[in-house]
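Trainee: Encoded as structure tokens, here's the structure I'll be asking about.
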Amino acid sequence: MKTLEEIHAARGAQMTVRNGKVVPLSVSDRATAHEALRRNFVVVDYSHLAIVDVSGDDAFDFLSATVSGDLAAIRDEQAINTFILDDAGQVVLDLYVMCDDERYLLLTECMSGADLAGRLASRMSGQSVEIVDRSDELSTVLFEGPYSWEIAKELFGMDVIGLPFMEHMPVSGGILFRAGNHGEFSYLVICGKDAAAALLEDTAGLYAKYGAVFAGLDFQDLARLENPCWDEIRLGVYSRCPIELQLQWMVRYDKDEFIGKAALEDKLAAGPRRRMVGFVADLEGETNLQPGQPIRMGDAQVGTVVTVGYSSERKRTIGQALLATDYAYADIAGFKAGPPDAEVSLSTSAIPFVRNFSFLVNPLEHSYVNAGRHKNVLEQLEAVQVAQRT
Amino acid sequence: MIEKAVQDIERRKEALIRVKTGLIDRLNLYQNADQIDDDTPLFGSGLRLDSVDATEVIVMLDEVFGISVAGVVDASYMRNVNSLVSFILSHTESSTPASNNSEPGVH
């Protein structure tokens, strides 16, 4: 059997170091990968995901005092997406916390497993907690897209269909975790390296019949432009405040003390000076807008472009901006951005920017490969209309 | 242009407060309005609403905003607080039936 490295090399993948791991940055071209993400699914080596195992009698109390989210809300085989903040209430990293039998598994793209384990250990003070970095022994494969549920069903059985968002189940050789940030059906397979290599090698050619594409981490660029989420690389230099970022849903204010809680409450009481808001160019087509450029309303500078790019789904330049709080509302027209000689007219927008195709696919009714079923709601409605006409 | 933007902002702020306080009261959410961001998802990891809560949101639209969603096929207006407010504002500024299937801000 080939190793992960041999598989990536055979595909001509451009590799990168992320989170201390060498993983594919680019396998297919971005447009192809993005189309597959939005219409079929992508298969990605997600081995950069740090995996830390936290167990012991005091694991719940210790973790609950560490993360900002509501750990009490989850039971076995459930998970939350939350933050670890610093004492100033700033985001250090976002992570999934999975409740798995007698332990918690912590998954993050923002910090290596060794660093996360070390950070957690430094916060311990006599509790009965065992912290083990599993990142070197485990790998993760991501299936994401409107029909990723169907390949997961084919690989792991019918139970996949009933797996709710943010829950996981044991599968042969590992754990299948339904979680994602880009608005599509999304599954993480956490398993040993050999099992990950077997999934990525696809010796049976299963993926081709779904129109699936092998992708590298660069698929996240467009995915996160259209479906924004916490992204340290793109957002971290502009703000790490959950209130400014409109990510307070990852914080549970009414639980007991957690790191950064007091500072965050103080910030909330004072009110944020700026907030992150989506924007869309008023005219179709690409623009030269860049992160860091000013945004104006009339003669006043009211904010800064944070993320920006062209969305083929929207056929316009879209992005996120930090705007002064008085202006930070969706669906407001009249903003200008960029240099005076190449000004772009913008309107603010609710996020996400796209109506994800996965909303049109129901695993109980549709199928990409079963000719006896419609592929999605649109096909289903069209068939009804044709039947009514005839 | 700026005058129009100021008017639109005030209108939206008012609708956001009404929606957030309506959600808090009707669904017994623990948060106060300042702790619910405009882009907070209603379902999944966001406010963690379920299908029963969705029914209550529909009742709120009817009772508080006078909007009936009977016949609205596309439920994506319930994606987050902002999309719900955009839906409400589009229906309170225009009563044309065609607007029933639109969802400003999410395409």
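The values are calculated or read from the model by the stated rules, or taken from the named source; none is laboratory data. Bear in mind the structure is a predicted one, so any value in this text is a computation, not a measurement. Backbone-built Cβ (ideal geometry, glycine too); neighbour counts: all protein chains shown.
Trainee: If you check A:D94, A:D86, A:D70, which single one turns out to be under 21 Å from A:D115 (Cβ atoms), surrounded by fewer than 21 Cβ atoms within 10 Å (Cβ to Cβ) and not hydrophobic (A, V, I, L, M, F, W, C)?
Mentor: A:D86
Trainee: In addition: Any residue in the range B:26-49 that's basic (K, R): show its pairings with residues that are outside any loop (DSSP other than H, G, I, E, B) and surrounded by fewer than 19 Cβ atoms within 10 Å (Cβ to Cβ) at Cβ separation under 6 Å, as long as the two are six or more apart or on different chains.
Mentor: Here the result reads B:R26/B:E56, each pair linking the range B:26-49 to a residue that is outside any loop (DSSP other than H, G, I, E, B) and surrounded by fewer than 19 Cβ atoms within 10 Å (Cβ to Cβ).
Trainee: Could you please let me know if B:V64 is touching a Gly at 6+ places or on another chain (Cβ under 8 Å) and loosely packed, with under 15 Cβ neighbours inside 10 Å?
Mentor: yes
Trainee: Output yes when any residue across the range A:285-298 is part of a strand (DSSP E or B) and within 12 Å of chain B (Cβ to nearest Cβ), and no when none is.
Mentor: yes
Trainee: Confirm whether A:I259 is touching a Leu at 6+ places or on another chain (Cβ under 9 Å), at pLDDT 95 or above and either in a strand (DSSP E or B) or of a type outside the set (A, V, I, L, M, F, W, C) (or both).
Mentor: No: the conditions fail for A:I259.
Let's see how each residue does on (1) charged (D, E, K, R); (2) within 13 Å of A:V54 (Cβ to Cβ):
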residue	(1), (2)
A:S68	no, no
A:E77	yes, no
A:D86	yes, no
A:G89	no, no
A:V92	no, no
A:M98	no, yes
A:L105	no, yes
A:E109	yes, no
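Trainee: Moving on to the next point. Checking the conditions here, which among A:L25, A:L37 is modelled with pLDDT of 95 or more, in a strand (DSSP E or B) and within 25 Å of A:I233 (Cα to Cα)?
Mentor: Selected residue: A:L25, the only one of A:L25, A:L37 that is modelled with pLDDT of 95 or more, in a strand (DSSP E or B) and within 25 Å of A:I233 (Cα to Cα).
Trainee: Pick from A:A198, A:A223, A:A208: which is part of a helix (DSSP H, G or I) and surrounded by 23 or more Cβ atoms within 10 Å (Cβ to Cβ)?
Mentor: None of the others qualify; the one that does is A:A223.
Trainee: Among the residues of the range A:118-149, which ones are surrounded by fewer than 22 Cβ atoms within 10 Å (Cβ to Cβ) and in a helix (DSSP H, G or I)?
Mentor: Matches in the range A:118-149: A:G118, A:R119, A:L120, A:A121, A:S122.
Trainee: For the range B:38-53, what are the residues that are surrounded by fewer than 17 Cβ atoms within 10 Å (Cβ to Cβ) and either more than 14 Å from chain A (Cβ to nearest Cβ) or among the β-branched types (V, I, T) (or both)?
Mentor: B:V52
Trainee: While we're on this one: Of the residues A:M158, A:M98, A:M111, A:M169, which single one is within 14 Å of chain B (Cβ to nearest Cβ) and modelled with pLDDT of 95 or more?
Mentor: Only one candidate qualifies: A:M98.
Trainee: Is it true that some residue in the range A:356-367 is touching a strand residue (DSSP E or B) at 6+ places or on another chain (Cβ under 7 Å), facing chain B (nearest Cβ under 10 Å) and either aromatic (F, W, Y) or farther than 20 Å from A:G183 by Cβ (or both)?
Mentor: no
Trainee: Assuming A:H168 fulfils every condition listed in (1) touching an Asp or Glu at 6+ places or on another chain (Cβ under 6 Å); (2) part of a helix (DSSP H, G or I) apart from one, which condition is it?
Mentor: Against the list (1) touching an Asp or Glu at 6+ places or on another chain (Cβ under 6 Å); (2) part of a helix (DSSP H, G or I), A:H168 comes up short only on (2).
Trainee: Moving on. Take the range A:278-317 and flag every residue that is of a type in the set (D, E), farther than 23 Å from A:D231 by Cβ and touching a strand residue (DSSP E or B) at 6+ places or on another chain (Cβ under 6 Å).
Mentor: A:D282, A:E284
Trainee: Counting just the residues of the range B:1-23 that are within 7 Å of another protein chain (Cβ to nearest Cβ) and among the hydrophobic types (A, V, I, L, M, F, W, C), which one comes out farthest from A:K336 (Cα to Cα)?
Mentor: Going through the qualifying residues, I end up with B:I9.
Trainee: Out of all the residues in the range A:299-340, which are assigned to a strand (DSSP E or B) and among the charged types (D, E, K, R)?
Mentor: Matches in the range A:299-340: A:R316, A:K336.
Trainee: Just checking, how many residues over the range A:63-73 are among the aliphatic types (A, V, I, L, M) and assigned to a loop (DSSP other than H, G, I, E, B)?
Mentor: Residues that pass the stated criteria total 1.
Results for (1) farther than 24 Å from A:P352 by Cα; (2) in a strand (DSSP E or B), shown as yes or no for each residue.
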| position | (1), (2) |
| --- | --- |
| A:A31 | no, no |
| A:I51 | yes, yes |
| A:D57 | yes, no |
| A:D61 | yes, no |
| A:R75 | yes, no |
| A:I80 | no, yes |
| A:F83 | no, yes |
| A:A88 | yes, no |
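Trainee: Follow-up question, since we're still on this one. Which of the residues spanning the range A:253-283 are touching a Lys or Arg at 6+ places or on another chain (Cβ under 7 Å) and either farther than 30 Å from A:A333 by Cβ or crowded, with 23+ Cβ neighbours inside 10 Å (or both)?
Mentor: The answer is A:A281, and nothing else.
Trainee: Taking only pairs six or more apart or across chains, which ones have beta-carbon atoms under 9 Å, a first residue in the range A:259-273 that is away from chain B (no Cβ under 12 Å), and a second residue that is in a loop (DSSP other than H, G, I, E, B) and of a type in the set (V, I, T)?
Mentor: Every condition considered, the pairs that remain are A:I259/A:T66; A:G260/A:V251; A:K261/A:V251.
Trainee: Restricting the range A:341-358 to residues that are in a loop (DSSP other than H, G, I, E, B) and under 17 Å from A:A223 (Cα atoms), which is nearest to the chain's Cα centre (by Cα)?
Mentor: A:P352
Trainee: On to the next question. For A:E343, work out the one condition from (1) surrounded by 15 or more Cβ atoms within 10 Å (Cβ to Cβ); (2) out of contact with any His (no Cβ under 8 Å at 6 or more places or on another chain) it doesn't fulfil.
Mentor: Only one criterion in (1) surrounded by 15 or more Cβ atoms within 10 Å (Cβ to Cβ); (2) out of contact with any His (no Cβ under 8 Å at 6 or more places or on another chain) is unmet by A:E343, namely (1).
Trainee: I'd like the residue in the range B:24-37 that is outside any loop (DSSP other than H, G, I, E, B) and under 17 Å from A:M250 (Cα atoms) and, out of all such residues, is farthest from the other protein chains (Cβ to nearest Cβ).
Mentor: Checked the range B:24-37; the qualifying residue farthest from the other protein chains (Cβ to nearest Cβ) is B:A33.
Trainee: Can you spot a residue in the range A:313-323 that is more than 11 Å from chain B (Cβ to nearest Cβ), in contact with a helix residue (DSSP H, G or I) (Cβ under 9 Å, 6 or more places away or on another chain) and without any contact (Cβ under 8 Å) to a residue 40 or more places away in the chain?
Mentor: For the range A:313-323, residues more than 11 Å from chain B (Cβ to nearest Cβ), in contact with a helix residue (DSSP H, G or I) (Cβ under 9 Å, 6 or more places away or on another chain) and without any contact (Cβ under 8 Å) to a residue 40 or more places away in the chain: absent.
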